[in-house]
Amino acid sequence: MGYKVAVVGATGNVGRAMMDVLDERKFPADEVVALASRRSQGTEVSYGDRTLKCKALDNYDFSDVDICLMSAGSTVSKEWSPKIAAKGAVVIDNSSCWRYDSDVPLIVPEVNADAVAGFRKKGIIANPNCSTAQLVVALKPLHDKAKIKRVVVATYQSVSGAGKEAMDELFSQTKSVFSLEEFEATKFPKRIAFNVIPQIDVFMEDGYTKEEWKMVAETKKILDPKIKLTATCVRVPVFIGHSEAVNIEFEHPITADEARNILRNAPGCLVIDKHEPGGYATPYEAAGEDATYISRIREDGTVENGLSLWCVSDNLRKGAALNAVQIAECLINRKLIEAKRKAA
C-alpha cells in the first residue's frame, strides 16, 4: 500500500518540479493530489504521463493525506502547515516560515538525516534555502575530515529562485534590449538582463540582506553552530542553477587532492575539476540534474588550512523539490511514518 501525497503550490516553479521528481524517483505514492489557490483551481499540471487538475487548498480535506509537500510561500505555510499537520500528515515545507523554529528540523538528507525524527514535535519539516542546500552538501564531507572554522561565500543565483515572474522579467527584458525597446524593472530593484544585482531579499540593519542571513543561520543549524560564515548573495541573468564561489578555512590540514577524493565519494556530490578550459561545471550543465557539482578545488595559501572551490546546482531541484522528496523518502526508509490506509 502506497502513500497519499499532496503538493501545495503545484502551479509554481517548485511545485511543478516536485511533481516531476516524485514521478522520476518512482516515489511510492498511490495517489498524488495537486493543490493551489482558489484562483488556480482547475489548472492542469503534469505528473509523469498523467495530467492532474489542481484543487483548491482552502476547502481540501487532508485527513487521509500522509505527506504534504508545501511550496506556497511563508504566509500560506504559516496558516496551513499546522492545520495540515493536525490532520496527521507530515508537512515538508519549502518556505522560510519554519526553518528557524527549534521544534522543526531543518533537513538536507546527505548532511543531517538523523535529525528528521524531530518532525514529531510539530508534524513539520523545513527545507532549507536553495543556496544553503547545495553549500552544505559540499561542506559536510570536508567538515567531517578537517573541521571547518570559517566560510566566505559569494553566490551567483538564478532568477528562477525568485519565481516564474522573475524568469518572465529576464526573458522580456532580454528581448527588449535586442529590439531597442523601453522596459521597466518590476520584479527586481534594477534591470536584470545583462546585469548582476548584489541584493537578494530585503536589507537588514547590519547591511546584510535576508538571503545572506539565511545562509548563516541555516548552515549553523544544519551543519555546526560553531562554523563562522559570511555571504554576499547576487542575482545573475541565468534562468536555472545557482553557483557559489566558496572559500573555507579549516582547523586541520587538508589538501586539494584530499578534498577532491573526499567529495568524489560523498553523497550528492559530483566533482568535475580539470585544469583546462571548460573543465568545470556551470549552471547550464546543472539544470535538470540532481547533483551538486563541485569544481575549481584549490588550496588557499593566504590562510592556514584553506581551500577554495566552485559549487553549482539546480536550485529548483536540489535547492527545493528534490530535497523535499528526499526528506519524504527518508521518513519512509527509516520507517518513521506509515500510510494511513495501511494503518487502518
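Some points to look at:
- Residue under evaluation Glu285, criteria (1) farther than 28 Å from Met18 by Cβ; (2) open to solvent by 20 Å² or more (accessible area, probe 1.4 Å), criterion not met: (1)
- Matching strands (runs of 3 or more DSSP E) fully within the stretch 1-90 where at least 1 residues are closer than 24 Å to Arg120 by Cβ: 3-8, 29-36, 67-70
- Members of the stretch 189-213 that are open to solvent by less than 20 Å² (accessible area, probe 1.4 Å) and touching a residue at least 40 places away in the same chain (Cβ under 8 Å): Ile192, Ala193, Ile200, Glu211
- Those helices (runs of 4 or more DSSP H) lying entirely in the stretch 254-344 with at least 1 residues closer than 30 Å to Lys4 by Cα and more than 17 Å from the chain's Cα centre (by Cα): 322-333, 340-343
- Residues satisfying the criterion are present in the stretch 168-178 (criterion: touching a Pro at 6+ places or on another chain (Cβ under 8 Å), more than 20 Å from Lys228 (Cα to Cα), in contact (Cβ under 8 Å) with a residue 12 or more places away in the chain and open to solvent by 30 Å² or more (accessible area, probe 1.4 Å)).
For (1) within 13 Å of the chain's Cα centre (by Cα); (2) open to solvent by 40 Å² or more (accessible area, probe 1.4 Å), each residue gets a yes or a no:
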residue	(1), (2)
Ile92	yes, no
Ser95	yes, no
Ile107	yes, no
Phe119	no, no
Asn129	yes, no
Thr132	yes, no
Arg150	no, yes
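- Any hit, the stretch 24-39, residues being free of Cβ contacts under 8 Å to residues at least 24 places away in the same chain, closer than 23 Å to Trp80 by Cα and open to solvent by 60 Å² or more (accessible area, probe 1.4 Å): yes
- Of residues in the stretch 217-244 being in a loop (DSSP other than H, G, I, E, B) and over 14 Å from Met167 (Cβ atoms), the one most open to solvent (accessible area, probe 1.4 Å): Lys226
- Pair list, Cβ < 8 Å and 6+ apart or interchain, from the stretch 77-95 residues that are under 16 Å from Met18 (Cβ atoms) and free of Cβ contacts under 8 Å to residues at least 40 places away in the same chain to residues that are part of a strand (DSSP E or B) and of a type in the set (D, E, K, R): Ser77/Asp93
- From Ala72, Ala113, residue being open to solvent by 10 Å² or more (accessible area, probe 1.4 Å), closer than 22 Å to Asn315 by Cα and touching a strand residue (DSSP E or B) at 6+ places or on another chain (Cβ under 9 Å): Ala72
- Ile248 being surrounded by 18 or more Cβ atoms within 10 Å (Cβ to Cβ) and more than 27 Å from the chain's Cα centre (by Cα): no
- Check on Ser179, at pLDDT 95 or above and not hydrophobic (A, V, I, L, M, F, W, C): no
Yes/no per residue for (1) of a type outside the set (Asp, Glu); (2) more than 20 Å from Tyr3 (Cα to Cα):
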residue	(1), (2)
Val65	yes, no
Cys68	yes, no
Trp80	yes, yes
Ala85	yes, no
Asp93	no, no
Trp98	yes, yes
Val116	yes, no
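- Applying the condition of being over 27 Å from Ile240 (Cβ atoms) and either touching a Leu at 6+ places or on another chain (Cβ under 8 Å) or of a type in the set (Lys, Arg) (or both) to the stretch 288-306 and asking which residue is most open to solvent (accessible area, probe 1.4 Å) yields Glu299.
Results for (1) touching a residue at least 60 places away in the same chain (Cβ under 8 Å); (2) over 27 Å from Asn323 (Cα atoms); (3) of a type in the set (A, V, I, L, M); (4) in contact with a strand residue (DSSP E or B) (Cβ under 7 Å, 6 or more places away or on another chain), shown as yes or no for each residue.
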| residue | (1), (2), (3), (4) |
| --- | --- |
| Pro253 | yes, yes, no, no |
| Asn261 | no, no, no, no |
| Pro277 | no, yes, no, no |
| Tyr280 | no, no, no, yes |
| Asp290 | no, no, no, no |
| Ser295 | no, no, no, yes |
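- For the stretch 75-90, taking the residues that are of a type in the set (Gly, Ala, Ser) and open to solvent by 30 Å² or more (accessible area, probe 1.4 Å), the one that is nearest to Val33 (Cα to Cα) is identified as Gly88.
The values are calculated or read from the model by the stated rules, or taken from the named source; none is laboratory data. Predicted model, so just to flag it, every value in this text is computed and none were measured. A quick note on method: Cβ atoms are made from the backbone with ideal geometry, for glycine too, and the neighbour counts reach across all protein chains shown. In case anyone asks, the SASA skips ligands and DNA or RNA and just uses the protein heavy atoms, side chains included. Shrake-Rupley method; radii C 1.70, N 1.55, O 1.52, S 1.80 Å.
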